[in-house]
Amino acid sequence: MFKKLGFLALFLSLFLLPISLLAVEAHSGDVVFLAIDQTIDHNYYAAGQNVEIYGTVNGDLFLAGQNIIIDSENINGDIFAAGSSLTIKGTVNGSVRFIGEQFNIDGQIRDNVFFAGQTAIVGNEAVVSGHMTAWGQQVSLRGQVLGDLEGGLENVNVSGQVGQDLDMYLSDNDADSLQLADGAIIGGSVKYHAWQEIEISDQVEIGGEVVFEKMMHKPAKPFFAMAMIWHLVLKFFGMLVVGMILIYLWPKFFPHVVARVKKHRVKTLFIGLATLILTPIISVILMITVIGLPLALIIMATWVAMLYIAKVMAAWLVGKWLKDKLFTNYKWSAISVLALGVFIYVIISKIPVIGWLAVFILFLWAWGVLANILYRKGIK
């Protein structure tokens, strides 16, 4: 185990590859493919350069990749995706949340849609049964959104139908930042915050009122909000992929972490704090001796990689605790526990003071276990 752990540490510290590339390695190839005759009766996790889903999934999908295609009539759960492009051609009986550049909806989504990115296109035959929230550059609605269409964008083009309200913050200063084509239908009101009032054709059918609110100061670009969300999503998928690699290589690794923390809470905490601080100091001393420089570089490379691995281990502790406390009646796979833990870990890490303290303590526990494993294996 020590050799494998050392290899993974060196791998991460030397390359620090983008999440998409790590995912390709984890799933053995550029293409992750779920065939039309395949059925998944639980949550499905996939990451790769190209991810293509044609089969049935009776659960939620967590997807990361450069190009993602969903062409199935039986997606019976929610979709959480991040990547360059996402295309939905089939039917999703749940919500879709996507962070990326290009989002093409050419099928049916039975619930809500959240998008943060560059461009979203709702095709002529597409139907979103719930609300659609979009933050980024542009949305082109040619089909139907039966709920609200809301968010913050530079340009909005509607030639299809919005079932309820259209409510937008428009960051672009152009007069055509909101374009409602002749024949477009807005079932509710049109509310827009913009630099200047926009002329709306009489050929546009609007069920409610038109409300214009002039912007008094330049708002933050929607891209800033998108960048923050993108960062969180990348962090989530990055930790998830590394955790999946660890689970694949050493299935008993994470249960060992939990057992060690339960048995030696205080001791593990202090070991974590001591080794976290002393390792860089020892490395600097070795560098000063010159002869110890190669060893110091190896130690620091391993130390940097272990920082990330320890975060993943800390997230597992969160997921395991929540599973044992709140979901005792459900049977969870190791990856499901990991995904839950990573999600909560990422969220609480953004909470000032209390969240930072909680994450730091969890990290020290994980680091202490990791240091103990390396020490025990290293002296044998």
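All of the numbers you see were taken from the coordinates with simple rules; none came from a lab. Every value quoted in this text rests on a predicted model; they were computed, and no experiment measured them. Note: ideal-geometry Cβ built from the backbone for every residue, glycine included; neighbour counts use all protein chains shown.
Worth a mention:
- With each label modelled as a point 7 angstrom along the Cα→C-beta vector, the K325-K263 pair spans 2.4 nm.
- Gained length - N74 relative to I281, 0.36 nm times residue gap less alpha-carbon distance: 68.9 nm
- Residue among G130, S85, N155 farthest towards the positive dipole end of region 19-223, charges placed on Cβ: S85
- Label-point separation, E199 to S84 (7 Å along Cα→Cβ), nm: 4.1
- Residue by residue, region 153-166 carries 3J(HN,Hα) couplings of 9, 7, 9, 10, 10, 10, 10, x, 10, 10, x, 10, 8, 10 Hz when phi is fed to the Karplus relation 6.51 cos²θ - 1.76 cosθ + 1.60 (θ = phi - 60°); x denotes Gly or Pro.
- Note that region 252-378, at 10 °C in a medium of 1.306 mPa s, gets a Stokes-Einstein diffusion coefficient of 102 µm²/s from its Kirkwood radius over C-alpha pairs.
- Which listed pairs, of K325/K350; K262/K311; K89/K350; K263/K325; K262/K323; K89/K323, have C-alpha distances above 26 Å, in listed order: K89/K350; K89/K323
- Label point at W250 placed 7 Å out along Cα→Cβ; residues across region 333-374 whose backbone nitrogen lies under 14 Å: 366-374
- In sequence order, calculated HN-Hα J values of region 237-252 (Karplus, 6.51, -1.76, 1.60; Hz; x Gly/Pro): 5, x, 5, 5, 5, 4, x, 5, 5, 4, 5, 5, 6, 9, x, 8
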